[in-house]
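Taken together, the values in this text are just the output of simple stated rules run on the coordinates, not laboratory data. Everything numeric here is computed off the predicted structure, so don't read it as measured data. Virtual Cβ from ideal backbone geometry, glycine too; neighbours counted across all protein chains shown.
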Amino acid sequence: MTQTTDHGPALPQTPELPVPVQSGRRAALMACLVRGATAAGLGLGVLTVLVMMVWISSPYPDSGPHGALHVAASLWLLAHGTELVRSDTLYGTAAPVGLVPLLLVALPAWLIHRATRDALVPDGTGLRPGPSPRGAVCAVTLGYLLVGTAAAVYAAGGPIAPGPLSAACHLPLVALAAAATGVWAANGPPPLRLPVPPPARLPARLREPLMRAALPGSRFEAAARAATAATAVLIGGGALLVAAALVWHADATQDSFLHLARIWSGRLAVLLLGIALVPNAAVWAAAYGLGPGFALGTGATATPLALSGDPALPSFPLVAIVPAQGPGTPLNWSSAVVPVAAGLAVAVFAAARADAVRRRDTAGDALLAAVLCGLAVAVLAAAAGGPLGTDRLAEFGPVWWSAGAAALLWTAGIGVPGALLVREWRGRGTGGLSAVRAGAGVRARGGTGAPEPQPPLPAPAAPAAPAAPAGPVGPAGPAAPESPGRTPVRPTAPPGTPKAPAQAKALEVLDSLDAEAEPYDYLPPDGWAERRGRPTSDGNAPPPAGPVDPARPWAAPPSPWPSAPSAVRPPSPAKPRKPAAQPPATDGDRPGS
């Protein structure tokens, strides 16, 4: 027994559409919060692994694993600029440690930057709402600060504890700055806007630059580009000075490295610390080349002119490259090449838009770039130095205000006149090239560059009746005498002569172009072929132009001048013409009839 069923018509299959996620922006902000906490955990975990590796490999650990974890949390906070306090000193007094390795700061800054940037990347479907830039910055920073607060509370009971006030100031500042760079990388630079409009009391000379600075492609962008280049040149030149000093003092550096630690785990820790302090040394060397130098304790300063005072130098490889006490040598003075190169960088970049602005605008760009470079150097100098203890060790590194002022003076003193010189040089080269291109056919008179006056165009002559040919007869008719002027004149047909439509239109276009064009300076002058001794195709003077054919008035006469020397070709042999058909002769026409 079979059971049959009657199936109705099949329904059309519709593709499955993705269902929008009904989570809203709250879920996106929660994801940003988790990203910030994850970034903090990754940075803390990397430093913890390094500290635990050194602690495990050490044969004489001073404390247990809890002490190593406390040190790892303190180092993570130090990477954000937090000042640490050592309580177990030889004298029993607390000693601050505020010298932050700048390379160590790159790790948390990069993690926060990447977390914010990835949070703003769309998912590709457009169904899941993303956070706003401001919301992403706040959520990532909040998640990061939650983990940072827990780490600060945990590290407070260790031998090297973070300062509460310093941690409360530096940790949010670094997190917000790195998150802002992540938004910049995801959405581009934010538009520059003035917080309030300039007051009407300001004169127009000050109001206009302030309002113009907020426009895209303004002077501020050009100056910021020049300042960035100058700052990079300063720091890069400082790194080259450090490398040269390490090679020059290789023996002292090696002795300090070998005697500071006897076992390989300690030497590994010294090596890692030295690598983390390389950016600090580059900033110190840049301040040394600028002139103010850097402090080696409260009673000593190292400058290119001299090393004065009694330096409090700890035993460390990077400290072993400091010049000896006494006046400087020409080798020390040669470090001034670094700020000179920075000034030249300002000049080159500030003159980049000199083709569209005036001289004073170029000078203003260079001066503004010098101010921005001075501010950047002051910030880097403040971040690269700090105390290593109390009394004589309370001050190490460059003084931020003196380093910034020196950078301003060097870059402004070289950049402003250098930008004007580069502008003039580029304008001269561009103007010369334009003159060569625009002055084609204009002859210079006496080397002064003044164009030679050209004779006026002769009036068009009326067509003459065809005369007996004085020379060889061409396809266009008998040859006419040579025109007295050196400029060929387009013949005109008598009024009422029919013209072909296409040729008439082309002739009108050519006449309109000739009316706007300059004289035909590219044609050779009178007697050019005779003076040059260059014969024509038949060995004689150039043939005169033929007369106008009344039946073909639009046809131009053949040019009486030869082509370019390389284009002169021998004339092709004329084809023999067939005699015209004569009517049959009649009896009356035959001779003898």
| query | Using 1/(1 + (r/R0)^6) with R0 = 25 angstrom and r between the beta carbons of LEU271 and ALA156, what's the FRET efficiency to the nearest 0.05? | reply | 0.25
| query | For the pair LEU142 and SER334, how long in nm is the line joining their label points, each one 7 Å along Cα→Cβ? | reply | 5.8 nm
| remark: The extension gain from HIS259 to SER63, computed as 0.36 nm times the residue separation minus the Cα-Cα distance, is 68.2 nm
| Label points 7 Å out from Cα along the Cβ direction at VAL379 and GLU221: separation in nm? | 2.0 nm
| task | Take every Cα pair under 8 Å in segment 24-178 that's 6+ residues apart, average their separations, divide by the length, and report that relative contact order as a whole percent. | result | 39 percent
| note | Residue separation between ALA106 and LEU313 times 0.36 nm, minus their alpha-carbon distance, gives in nm 71.8 nm
| task | Kindly rank 277-290, 255-268 from highest to lowest mean number of other beta carbons found within 10 Å of each residue. | result | 277-290, 255-268
| message | Compute for segment 229-329: radius of gyration divided by Kirkwood radius, i.e. Rg/Rh, restricted to C-alpha atoms, rounded to two decimals. | response | 0.98
| remark: Two pseudo-spin positions, 7 Å from Cα along C-beta at ARG360 and at SER132, lie apart in nanometres by 4.2 nm
| message | Would segment 322-412 count as rounded, prolate or oblate if I go by the C-alpha gyration tensor, calling it rounded below 1.5 in a/c and otherwise prolate when a/b exceeds b/c, oblate otherwise? | response | oblate
